[in-house]
Each structure stands twice: as structure tokens, then as C-alpha cells.
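Participant: I have a structure I would like to understand better, so I am pasting it below and will then ask my questions one at a time.
The values are calculated or read from the model by the stated rules, or taken from the named source; none is laboratory data. From a predicted model like this one, the values you see are computed outputs, not experimental measurements. Glycine also receives a Cβ, built like all others from the backbone with ideal geometry; neighbour counts cover every protein chain displayed. The accessibility values were calculated without ligands, DNA or RNA, using every heavy atom of the protein model including side chains. Shrake-Rupley method; radii C 1.70, N 1.55, O 1.52, S 1.80 Å.
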Amino acid sequence: MDLKLKVWRQKNAKEKGKIVNYDAKGISPDMSFLEMLDVVNEDLIVKGDDPIAFEHDCREGICGSCNIMINGEAHGPLPGVTTCQLHMRSFKDGDTIFLEPWRAKAFPVLKDLVVDRSGFDRIIQAGGFVSINTGGAPDANALPIPKKDADVAMDAATCIGCGACVASCKNASAMLFVSAKISHLALLPQGQVEKKERVKNMVNAMDKEGFGNCTNQYECEAACPKDIKRDFIRVLNKEFILS
Amino acid sequence: MSLDSKIPSGPLEKKWDDYKSHIKLVNPANKRKYTVIVIGTGLAGGSASATLAELGYNVKTFCFQDSPRRAHSIAAQGGINAAKNYQNDGDSVYRLFYDTIKGGDFRAREANVYRLAQVSANIIDQCVAQGVPFAREYGGHLDNRSFGGAQVSRTFYAKGQTGQQLLLGAYSALSRQIGLGNVKMYPRTEMLDVVVIDGHAKGVVIRDLVTGQVTVHSADAVVLASGGYGNVFYLSTNAKGSNVTATFRAYKKGAFFANPCYTQIHPTCIPVSGDHQSKLTLMSESLRNDGRIWVPKKQGDTRNPADIPESERDYYLERKYPSYGNLCPRDIASRSAKEVCDAGFGVGPGGQGVYLDFSSAINRLGEHTIAERYGNLFQMYEQITGENPYKVPMRIYPAVHYTMGGLWVDYNLMSNLPGLFVIGEANFSDHGANRLGASALMQGLADGYFVLPYTIGNYLAEVGFGKTPSTDHAEFKKAEIDANSQLNKFLSIKGKRTVDSFHKELGKIMWNNCGMARTDKSLKEALVKIPEIREEFWKNVNVPGSGSDLNQSLEKAGRVADFLEFGELLCLDALTREESCGGHFRSEHQMDDGEAKRDDEKFCHATAWEWKGVGAKPTEHREKLEFENIKLATRSYK
């Protein structure tokens, strides 16, 4: 199939960007969205143009690298799917597709569709861990954890840190991301000792990075490629109040 | 130069404990006077960086992703082995050791593997203490499942996302140390060279992938945890960024590259759908616990699988290997799939696929249980193929997955280049000619959390503190100039072909001539063609853009240039190893029934290659493998 692409091109963080039109011809429905971009880029290079920079790595939907606003939606139209797992069979011949980077002040554009998400790392560095040094941990079965708690903690821990929640929120709030880590650790006995400090430190770091607040519209949940539930934001708020 | 593996003397089960009791220690107050550089933040690099910083060393860590959380270890699905014997089904350190040696087709070093089995239990304790949400039983205790190549249930898992959860555990420990200022983290950077001073590794050359700036960093020791080289085949299950550059450039600086031809072929991968394909997606091996593998008994049978009655299906693994069945090791399952497809029984477009069928498990356990066990994998499959695996069987085919070769290391995980340590998939030590499922995660974390932190201390105590060289040293200057001139060379060629087109061409040769089955003829052919592609690359590659900003084509050019040299080394190693072993089938060497034929008389050794220049034949060194505790036997899973 043949498609028209309207792609955000921006040389670097300092220069202004703009939408540029490209044709994507002879695209197979079996291609992933990123493979379609590979085809377009190969053409651009042969023509002597600068290829479109975009972020990707595992292409299996788990590393969280890929991040494209596709027709205004983070990771495109399908629920629970990352850009790398979106296949061209989701589009029709002749479609026009807009490609933009994540839109958030806390995620500055580095080039084209690539943004700087290091704010997420700094939030984790502020407290998203259990303080245990290597060695000397007790036997793993010495601490039984109800299956239900372990399962919900796992659901929260599934967050891949891609930033779709931020990109899709009108306030660029990182509360779904933060709440996932808070909930994961707050649901487990290992996370209890530091839970008050953790939530305060992570929320402070989130504010410092310039992420906005939640206004309960849940665009984040709708955009999340890993189906992280908004209920975790409730857990975050509760833990924050208790701290 | 002789290869001294430095295996401690004494009985196998006491080697590691005795070693730990007698190594030199660094006084806690002196640890901060040492700087260690770690390249890579996967399970091995992330856990090593965190642990070294916890001990008090200054750590500088580099990764090419935008965040250390995205290292490729995150993609591992099925689980991690540990000899906990929680299931009371007869597991032990010895049995895990035995299974791993056998799974590696008797081409791994006994002492290293035994140590791996010993520390495996600590890994689970450590990860649980960090909050890794492993699967639990209703009583609150950890759940286990079985995996290929084992008859006990020793695999711990977190849904189909075990690698992700273990990596996030290591990443959280690393993040804590970054927050405390004990680790200086450099994301979006790439290592371009190792700097060697007076025979010791003392630093690295780094390119910032955003600004393009090349800088040099000095240290008292360098740790490479940069993963494997499966992307030499272009199509593989590796992340797109996985590359050989760090280990290959260390090889060019004098570190020996061992067993490069040991690449693991994974049996359960989604088949290739067309020329546009950029990578292959693995379906976890854990699926083989409940999925049954079959092909139609009739060649070229294109009927809908549901219309093919039981009597017309060949469950070939269950037929050929009755005791292990669908859980036979990866190399055997892969080769069997290739055999049935080559014989014309394959299914799907092009006939390059076999069925992995869950219908009997769904009938027995219900769709709900299957969804609970493998839901995310089923979803992923449907996303990629457009077919619903609850309704129709999955189609799978083998693909390049993990690489067991890597830089040669001794028992201390130090390469022959003093001060250069190599851990995880980047070294060659633990998996022999093949590896079992759920064992690579184990090695990554064992090396990073529990082995390297001891062995590196021994080295650092020996060299002494206060000797970190200045980056003004001539070797640093020279390495920086060399790195810059290579980058400029790529940009100046201005040819007609893209970097990817060369990579694809190389990958096809590697897969066709040096894949699951290899012959003397196919390898010699590859050894003629690869230098030709390389020559054209240096004349006709087109790398657009500049070296002073984010330039993904330039990044790729460096990596593909290395693959073009490394591919030749891999084929040479395969040509030299005249036996069939692990996943590597030299067609000249097979039993009467078509099983792989090992040659213990001539090849019970690791081959370590020494660089002699581009196009020049590297020098072969051999480390004889001694099997004192396990009798060399023909591997049988029948």
C-alpha cells in the first residue's frame, strides 16, 4: 500500500522543528510501523537526504524505547500496543499519517522523533528501589507473599517507562508512571520500611522535573501500551497522604 | 602465549569458597581510591555497577540506550534457574551443574559452571529482597516451572517478563547508587576503544551519541558487559542496537576472542514474513511446557491445521525423544524443526515453520489457565502475525538468539589482558556450545552480583591504588585520534549503498553458510565472500549527516564495520572446529541416525583467537577443557 507521512523534523534541541511530507510506497501490511520507517529511511539515504531519527531497540514491545505520536495518539491507534508492535495492517492504502515526538516540556526533543526521557530515571533514582545491598538477603521463601498481592505488584511492575502516559496527558503528568513504581513496592512487604520516604522523594522529584499533576481524565491509562491501571494513581495519592 | 584459566585447586565443591577465603582484599577506606569503568547496563553490567558501588568503588557506567533500564536483558521472557529444590523434586547444586554442563555439550569449563550453580540460590534471595515480583503459589511461596533440558522444576519466573523484572531489580539497585553519587551514569554513549597502558586495560574511548563528542576516560579496571553478537546474522532475536563493537575492539587491542562460532539457535521464534523484516521475535521456551510441536505427516499439506486429524500429525519431538519430548534442549528442537522443514513437511508461507499447538492444553486446563500462564506472549503473537493462537496453532521456526562465544576469561572473569574483565553474555565461559533455557539470566546476575565483586578486588589489591593513569597519557591521545579518524572516514566515503544494505547482505551469508548447519564448502565460500563485502563497504557506503550530532547511520556504520570483520572470524572458527556440537551442525560430522557427532579426542577445548590485523589469519590458542567430575558422554535426551 501507499501512504502519505507528515513527519516532525527537528535538527536538534535548539532549532525549530516543522512538519515535512514524505511518501511511503509499496508498504506491506505485515511490516511493523518501524519497519515501514526503515523503508522510508533507506530511500531517504539513497537520495542523499537525512533519515528520520526515531528511537527503538528491542522491537518486541518490552524495552520501552519506541515513542511516536501517531495521528495524535501515543503508540498509535491500538490499545495495549507499543509502536514497534503496531503493524501496517492497522492502516489503509492511501492513508495520511502524522508522526510527532512525545509532547511534554519535561521530555525535550533531541532530534526529529527522539526525546530526552531522563527525567524518569531521576525520579527512580530519588527512591524507586528497596535499599538492600548485595549479599546477605534472607532465603526467598522466608517471606511469604499472598499470591494476590504478588500478582497486583507484578501488574504495576509491568510499566516499561516509555512515557506514553506523559505524552498523552494535557498536563504532561507522570503520575501513572510514578504510581506504578510506588504501588509495586508498596504492595510488597519488602517495600514497607521505606514507603513514606519513597513516595515523598519520588513525588518531589516528579515535580522538580516539570511534570504536571493528574486531573483524572485518564488519557494515560488509555494510551498505556502495558495496560497500567489508573487505580494505581489512587494508591499513589493514598500513600502520599499517609506519608 | 599460554592460556592460564587460573582454576583453583581442590575439590570442585570447595573451589569457590576456598578462593573467596584466600583472595586479597581491598580495605574499605581504600576502595574509593579506585575507579572502575563498566560498559553495559544489562543484568551483568547493571548488577556489577550497583554492587561495586555498594562496596565503595567509584564506578563509571556507560550504555548506548537512553536509560540503563532498556538494556536487552529486558526482553528475556521465560525465567531464571536456581538450585533451590523448593519443589522437593530432587534438585541440587550438583544437578544444576550437571544439567548445565550437559546442556552446553561438554564445552564449558567445569569450575565456572559449578560456581554458577552454587550462587544461583543467592540470586533468587537477592532479587526477592529487592522486590522482584516473582510468581507465587497461593500459600505465598515462590512458584517454579520446568524448562528445556531439565527434569526438575527449578525455573523462577515473573509471568513471561522475567528478564524485565530482573533487569528492573538491577536497575533499581543501580539507580540507588546513581542517586547516592556512587555511580556516574553515562546513557546514550558508545564505547569505541579500550586503552591499554603497560599491558593493562586502563580506560576507554567513548562517543556521546547526542553531541557526537569523543572523550577518553581512565580507570583502574574496565569491565565489559556489552552482551552478545547475534546481530552479525542481521535477523536475530536481539535488540536492534545489540552489537559486537565493545568486545571486538578489545579483541583488536589484544584480548582473545573465544569460540565465536558458538551461536545459539532458539527453536520457538515467529517465522520470517518477508524481505522487509528487521528482526525476529521469540516466543518464550516456556510455551513448550504446554504446547505440542507437530507437522503434517504428508509433505506439502496445506490444509487448515484444525482439519488435519490426530492420526495425520507427526509430533516429531515426542516421537524421537520420548523422555524429554517437547522439552528437549534448544539445539535439538531447532535442528529437528529444520530437518522436517527441509524434508518438505514445513507449514505456513514458504514452508519454513512448524506448529506449536495449545489445543490439547486448552482442552485439559481451560483457556483461562493458558491465558494466565502465557497471555502476554499470545497477545504478542497475534499482534505480529494477525492470527489468534487460542484458535489456531502458532507457527514457529528457529532463529539466532544467544551467543555463547565471547572474550576469553579466566576463573576471575578477567581476559588475557590484565585489568579487562568480561561478564555475562560478552564472555565465553559458562555455556559451552549451547545453553539451556533460563540459564543466561542466571549467569548475568551471578557474574555481576556475586562473582566479579570478589575477583576484581583481588586484581585491584594487587595493582594497588593511586595508579589511575592521567588521560593525558599518549595512549589515550592515540586512541582518541584513531576513533575520530574512523568516524570521519565513514562520513567521507559518500558512496551509493546504505549501511543496512551491507548488514543484510552479510547476515544472509552468515545464516546460509554458517547457521544451524555448516559444511567445509559453505564456510570456505563465506570466507571468500565476506572480505568482498567488506571491501565494497569501505568504498561504497553512504553515511549521511555529520559527526557532531545525533546520527543513527553513523552509529550503525561503526557497528556494521565491526560485524564485517567479526563475521570472518566466526566463520573461521566454525571451519576450524571439525565436529558437530551444541547447535552447530557440521554436516560432515553426524551419527548414522543424523544426530550431532562430537569429537572429544580432538576438540575438547575452547579456541581463543588472537588478532593479527584485518584480513590476516588470527593466531589460534587452545584451552583444554578438563572434565574431572563429569564423564564425557554422548548427550542423549531420548
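Participant: What Kirkwood Rh does region A:117-242 have if only Cα atoms enter the pairwise 1/r average? Answer in Å. Present the calculation step by step, with values, prior to reporting the outcome.
Facilitator: Values: mean 1/r = 0.0673 Å⁻¹.
So the Kirkwood estimate lands at 14.9 Å.
Participant: Compute the angle between helix B:552-576 and the longest alpha-carbon principal axis of chain B, please, reported from 0 to 90 degrees and rounded to the nearest 10.
Facilitator: Taking Cα atoms only, the helix is inclined about 70 degrees.
Participant: Still on this structure, I have one more. Could you give the size of the charge dipole of region A:117-242 about its Cα centre, using +1 on the Cβ of each K and R and -1 on the Cβ of each D and E, expressed in debye and rounded to the nearest 20?
Facilitator: 220
Participant: Please say if region B:495-603 is rounded, prolate or oblate, where rounded means a/c under 1.5 for a ≥ b ≥ c the square roots of the C-alpha gyration tensor eigenvalues, and otherwise the choice is prolate for a/b larger than b/c and oblate otherwise?
Facilitator: Prolate shape, in that a/c is at least 1.5 and a/b is the bigger ratio.
Participant: In terms of solvent-accessible area of protein heavy atoms at a 1.4 angstrom probe, what is the ranking of B:143, A:93, highest value first?
Facilitator: Of B:143, A:93, the descending order of accessible area is A:93, B:143.
Participant: Given the options B:209, B:111, B:128, identify the residue whose Cα lies farthest towards the positive end of the charge dipole of region B:107-234 (+1 on Cβ of Lys, Arg; -1 on Cβ of Asp, Glu).
Facilitator: B:128
Participant: Relative to the first principal axis of the alpha-carbon coordinates of chain B, what is the inclination of helix B:474-493, with its axis defined by its Cα atoms, in degrees from 0 to 90 and to the nearest 10?
Facilitator: Helix B:474-493 sits at roughly 50 degrees to that axis.
Participant: Summed for both chains, how many Å² of accessible area, to the nearest 100, are buried between B and A with a 1.4 Å probe?
Facilitator: The buried area between B and A, both sides summed, comes to about 6000 Å².
Participant: May I pose another question? Per the 1.4 Å probe, what fraction of the accessible area of region B:268-399, in percent, lies on carbon and sulfur atoms?
Facilitator: Carbon plus sulfur share of accessible area: 49 percent.
Participant: If one computes the Cα centroid of region B:129-194 and of region B:451-500, what distance in Å separates the two points?
Facilitator: Between the Cα centre of region B:129-194 and that of region B:451-500, the gap is 29 Å.
Participant: Given the convex hull of the Cα atoms of the protein assembly as shown, what is a quarter of its surface area in nm²?
Facilitator: 33.4
Participant: Another question, if that's okay. Find which of B:570, B:519, B:531 sits farthest along the positive direction of the dipole of region B:501-602, computed with +1 on the beta-carbon of Lys and Arg, -1 on that of Asp and Glu, about the Cα centre.
Facilitator: B:531
Participant: Determine the shielding of peptide B:40-53 by partner chains: average, over its residues, the number of Cβ atoms on other chains within 10 angstrom of each Cβ. Before the final figure, lay out each step's value.
Facilitator: Details: counts 0, 0, 0, 0, 0, 0, 0, 1, 1, 0, 3, 3, 1, 1.
Partner-chain Cβ atoms within 10 Å, mean over residues of B:40-53: 1.
Participant: For region B:533-605, what does the relative contact order come out to in percent, with C-alpha contacts under 8 Å and a separation of six or more?
Facilitator: Working: 43 pairs, mean separation 14.5, N = 73.
With pairs under 8 Å counted, the relative contact order is 20 percent.
Participant: Taking the Cα centre of the protein assembly as shown as the origin, how large is its charge dipole in debye, to the nearest 20, when only Lys and Arg (+1) and Asp and Glu (-1) carry charge on their Cβ atoms?
Facilitator: In debye, rounded to 20, the protein assembly as shown gives about 1400.
Participant: Here's something else I'd like to know. Using a 1.4 Å probe and ignoring any ligands, DNA or RNA, find the accessible area of residue B:9 and quote it in Å² to the nearest 10.
Facilitator: Roughly 100 Å² of residue B:9 is accessible to a 1.4 Å probe.
Participant: Heavy-atom accessible area of residue B:141 with all protein chains present, probe 1.4 Å, nearest 10 Å²?
Facilitator: Here the residue's solvent-accessible area equals roughly 70 Å².
Participant: How many Cβ atoms of partner chains, on average, are near each residue of B:369-377 if near means within 10 Å of its Cβ? Please list the in-between numbers first.
Facilitator: Details: counts 0, 0, 0, 1, 0, 0, 0, 6, 0.
Going residue by residue through B:369-377 and averaging, the value is 1.
Participant: Then there is this: Write out the trypsin sites (Lys or Arg not before Pro) in region A:65-107 meeting two conditions: DSSP loop, and at most 16 other Cβ atoms within 10 Å of their Cβ.
Facilitator: A:92, A:105
Participant: Same structure again: Would you please name the GluC sites (Glu not before Pro) within region B:339-399 that are DSSP coil residues with at most 16 other C-beta atoms within 10 Å of their C-beta?
Facilitator: Here the GluC sites (Glu not before Pro) that fit, given the DSSP loop and packing criteria, are B:387.
Participant: Take every DSSP beta bridge whose two residues both sit in chain A, then give the antiparallel share in percent to the nearest 5.
Facilitator: Here the share of antiparallel DSSP bridges comes out near 75 percent.
Participant: While we're on this one: Which chymotrypsin sites (Phe, Trp or Tyr not before Pro) does region B:43-125 hold that lie in a coil by DSSP with at most 12 other beta carbons within 10 Å?
Facilitator: none
Participant: Let me ask another. Quick one: compute the contact order of region A:72-230, relative version, from alpha carbon pairs under 8 angstrom and 6+ residues apart, as a percent. Spell out each step's value before the answer.
Facilitator: Numbers: 202 pairs, mean separation 50.2, N = 159.
The normalised contact order for region A:72-230 reaches 32 percent.
Participant: Using the heavy atoms of the protein chains alone and a 1.4 angstrom probe, what is the accessible area of region A:3-100 per residue in square angstrom? Walk me through the numbers on the way to the answer.
Facilitator: On the way: 3940 Å² over 98 residues.
Solvent-accessible surface per residue comes out at 40 Å².
Participant: While we're here: Using the heavy atoms of the protein chains alone and a 1.4 angstrom probe, what is the accessible area of chain B per residue in square angstrom?
Facilitator: 33
Participant: Return the Rg/Rh ratio of chain B with Cα-based radii and a Kirkwood Rh. If you can, show how the numbers build up before the last one.
Facilitator: Numbers: Rg = 23.7 Å, Rh = 24.9 Å.
Using only Cα positions, Rg/Rh for chain B is 0.95.
Participant: Quick one: pull the percent of accessible area on region B:117-204 belonging to carbon and sulfur, 1.4 Å probe, ligands and nucleic acids left out.
Facilitator: Here it works out to 47 percent.
Participant: Something else about it: Select from A:203, A:158, A:193 the residue farthest towards the positive end of the dipole of region A:117-242; place +1 on Cβ of Lys and Arg, -1 on Cβ of Asp and Glu, and compute about the Cα centre.
Facilitator: Checked the options; the winner is A:203.
Participant: What's the magnitude of the charge dipole for region A:3-100 around its Cα centre, counting Lys and Arg as +1 and Asp and Glu as -1 at the beta-carbon? Answer in Debye, nearest 20.
Facilitator: Working: 12 positive and 16 negative charges, 86 e Å.
The calculated dipole for region A:3-100 is roughly 420 debye.
Participant: Please tell me the relative contact order of chain B in percent, rounded to the nearest whole number, where contacts are Cα pairs under 8 Å and at least six residues apart.
Facilitator: 20
Participant: With a ≥ b ≥ c the root eigenvalues of the C-alpha gyration tensor of region B:1-138, is it rounded (a/c under 1.5), prolate (a/b larger than b/c) or oblate? Mind dumping the intermediate values first?
Facilitator: Details: a/c = 1.62, a/b = 1.12, b/c = 1.44.
Verdict is oblate for region B:1-138.
Participant: Other chains near B:152-164: what is the mean number of their Cβ atoms within 10 Å of each residue's Cβ?
Facilitator: Rounded to a whole number, the mean comes out at 2.
Participant: How would you order B:453-461, B:265-273, B:219-227 from highest to lowest mean count of nearby Cβ atoms within 10 Å?
Facilitator: B:219-227, B:265-273, B:453-461
Participant: Using alpha carbons only, how many degrees (0 to 90, rounded to 10) separate the axis of helix B:110-130 from the longest principal axis of chain B?
Facilitator: 90
Participant: May I pose another question? Take the alpha-carbon centre of region B:288-312, take the same for region B:1-75, and report the distance between them in whole Å.
Facilitator: Their Cα centres are 48 Å away from one another.
Participant: Taking only DSSP H segments of four or more residues, each worth -39500 (n - 2.57), what value at 222 nm results for the protein assembly as shown once the sum is divided by all its residues, to the nearest 500 deg cm²/dmol?
Facilitator: -11000 deg cm²/dmol
Participant: For region B:186-274, what does the alpha-carbon gyration tensor say about shape, rounded, prolate or oblate, given a ≥ b ≥ c as the root eigenvalues, a/c under 1.5 as rounded, and a/b over b/c as prolate?
Facilitator: In terms of gyration-tensor shape, oblate.
Participant: Pop out the carbon and sulfur fraction of the accessible area of chain A as a percent, whole number, probe 1.4 Å.
Facilitator: Summing carbon and sulfur atoms, their accessible area is 51 percent of the total for chain A.
Participant: Tally the DSSP beta bridges in the protein assembly as shown and give the antiparallel ones as a percent, rounded to 5.
Facilitator: Antiparallel: roughly 70 percent of the beta bridges in the protein assembly as shown.
Participant: Using the alpha-carbon centroid of each, what span in Å lies between region B:532-587 and region A:20-86?
Facilitator: Their Cα centres are 25 Å away from one another.
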